[in-house]
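One structure is given here, and the rest of the page talks about it.
The values are calculated or read from the model by the stated rules, or taken from the named source; none is laboratory data. Just so it is clear, the model here is predicted, and its values are computed rather than measured. Don't worry about glycine lacking a Cβ; one is built from the backbone with ideal geometry, like all the others, and counts go over all protein chains shown.
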Amino acid sequence: MVKHLSVRLAVVTAGFSAILAQPSVAQDAGITERTIKIGSWGPLSGPVSLLGESMRDGLRVCAREVNDSGGVNGRTLEFIVYDDAGSPQEGQAAIRRLLDQDQVFMLLGGSTSGSTLPVRHVISRRKVPFIASISSNMNLMDPFSRYIFRIYANEISQAQSITDWMIEHEGIKRPAIIYNSNDYGVGGYKVFSERLKKKYDMTPVAAERYNPGDQDFSAQLLSIKQANPDGLLVFSFAAEAGIIVRQANELGLTTKMFGGGGTATTLFQRGAGKAAKGFVADFVLPQFPESDHPKVVAYREMLSKWFYPNGFPPGRPSEYDLAAYGACQVALEAFRRVGKELTREKVIDALERFDKFDVGVIFPVSYSPDNHEATDQVLIIHVNDNLEWTRHPKAKSKGE
């Protein structure tokens with residue numbers, strides 16, 4: 001267990017030891033007169049650890065910031081974060097510990113879709129508020145749950161937006177897709193295929209999938225090359241997407257390439273090298289992590305000062321930092337609106353009255369009693385001649 005002033009952040013493997021809960025003195029678990037206990041879980045190790053580490057840091061920067069200023073309504077935040085290593089089994093173990101042993105008040109951040117979808121029924125049954133900042137899977141909200149909220153555009157909005165861009169702005173006539181076999185990738189493939197069929201009366205000329213952790217994509221790429229596409233959607237996370245694009249270039253597959261929201265970090269360029277130039281993707285935030293927006297600058301400064309004084313790790317901060325930080329800011333605002341008599345049901349009631357609440361690092365958040373998707377806005381971005389992600393000069397965010 002690591003202590004940072006009044007912030008307690010426990011980072012352990014979910015299948016092993018847990019932090020013993022302190023008894024609650026309020027109606028709902030996780031609340032005392034002086035603290036609010038919040039739980040999370042995510043991949044702090046394994047091939048997508050960038051997501052979990054970013055999420056953890058977004059939460060602990062938020063907690064340190066608010067606690068240093070005296071807390072919210074007289075209470076400080078106490079975060080407990082477990083490593084699920086991207087494993088659904090470890091994710092389920094983490095949720096059991098957070099709810100049964102740690103007795104957290106609510107959940108923030110969460111894990112990849114594969115480790116989040118299996119626990120959504122537990123969260124709903126236990127009536128614990130959860131604001132997701134990693135999973136974009138459409139099934140997170142199907143069926144609708146009063147207790148589950150999302151902070152940025154889901155994979156439906158992401159996949160539809162990049163599909164529309166491919167067809168309407170790039171003139172793609174023979175689209176193809178390569179996608180991860182996890183929930184994120186399969187969901188993206190489903191939306192891509194349905195969008196092509198229903199809106200454009202088209203079908204992919206090739207559709208190839210691979211397994212998480214794969215490093216050699218030559219078989220799939222050669223099959224795609226034989227289909228002679230004029231556009232390829234890479235629905236993957238950034239690191240593997242970069243390898244796919246580089247290997248495609250090496251195999252002579254020089255078609256235009258596109259990506260979903262999971263590709264848009266600097267880890268993509270690290271894997272793709274010069275082949276990254278011209279790659280187009282959608283992005284689920286209004287600002288890049290390296291932008292000069294005052295809120296983003298402030299986040300980077302706090303992250304550096306408090307946790308990385310000797311320099312950021314590769315790919316950091318990422319959009320997952322900002323998404324988690326934004327999710328925490330949304331929760332804090334709900335706490336403020338409820339006041340001192342804090343309960344889970346009152347927090348949900350407060351969240352459902354959000355109307356374009358803007359924290360600067362994420363798109364404005366709106367919820368209602370029958371819609372817990374904060375936004376459907378995305379940006380269309382591309383890799384420029386300097387191999388940097390920039391807003392596409394011909395694009396504006398969906399919803400503007």
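Miscellaneous remarks
- Criterion: of a type in the set (A, V, I, L, M), out of contact with any Cys (no Cβ under 7 Å at 6 or more places or on another chain) and either in contact (Cβ under 8 Å) with a residue 60 or more places away in the chain or surrounded by fewer than 20 Cβ atoms within 10 Å (Cβ to Cβ) (or both) - qualifying residue of Ile167, Ile177: Ile167
- Boolean, Ile123 is touching a helix residue (DSSP H, G or I) at 6+ places or on another chain (Cβ under 9 Å), assigned to a loop (DSSP other than H, G, I, E, B), surrounded by fewer than 24 Cβ atoms within 10 Å (Cβ to Cβ) and β-branched (Val, Ile, Thr): no
- Any hit, segment 175-187, residues being aromatic (Phe, Trp, Tyr) and within 28 Å of Gly242 (Cβ to Cβ): yes
- Boolean, Arg209 is of a type outside the set (A, V, I, L, M, F, W, C) and in a strand (DSSP E or B): yes
- Segment 124-143 residues that are on the phi < 0 side of the Ramachandran plot, paired with ones that are of a type in the set (Lys, Arg) and not in a loop (DSSP other than H, G, I, E, B) (beta carbon under 6 Å, 6 or more apart): Pro129/Arg344; Ala132/Arg150
- Where strands (runs of 3 or more DSSP E) fall wholly inside segment 1-105, the ranges with 3 or more residues that are modelled with pLDDT of 95 or more and not aromatic (Phe, Trp, Tyr) are 35-42, 76-83.
- In a residue-by-residue description of segment 299-318, the property of being modelled with pLDDT under 95 and within 22 Å of Phe130 (Cα to Cα) applies to at least one position.
- Members of segment 163-205 found to be within 19 Å of Thr116 (Cα to Cα) and of a type in the set (A, V, I, L, M, F, W, C), listed by number: Val186
- Scan of segment 141-152 for residues that are under 10 Å from Glu373 (Cα atoms) and at pLDDT below 95, ordered by number: Met141
- So Gly86, is it closer than 18 Å to Ser133 by Cα and in the same structural domain as Tyr325 (by TED's automatic domain parsing): yes
- Inspection of segment 108-117 identifies at least one residue that is within 22 Å of Glu341 (Cβ to Cβ) and either crowded, with 24+ Cβ neighbours inside 10 Å or at pLDDT 95 or above (or both).
- For segment 106-120, the tally of residues that are in contact with a strand residue (DSSP E or B) (Cβ under 7 Å, 6 or more places away or on another chain), within 23 Å of Cys62 (Cα to Cα) and either among the charged types (D, E, K, R) or part of a loop (DSSP other than H, G, I, E, B) (or both) stands at 2.
- Every residue from segment 186-206 that is outside any helix (DSSP H, G or I), out of contact with any Leu (no Cβ under 7 Å at 6 or more places or on another chain) and under 20 Å from Lys225 (Cβ atoms): Val205, Ala206
- Residues in segment 326-366 that are of a type in the set (Asp, Glu), under 23 Å from the mean Cα position of the chain (by Cα) and within 22 Å of Lys127 (Cα to Cα): Glu333, Glu352.
- Complete set of residues in segment 188-218 that are surrounded by fewer than 19 Cβ atoms within 10 Å (Cβ to Cβ) and within 21 Å of Gln247 (Cβ to Cβ): Val205, Arg209, Asn211, Pro212, Gly213, Asp214, Gln215, Asp216, Ser218
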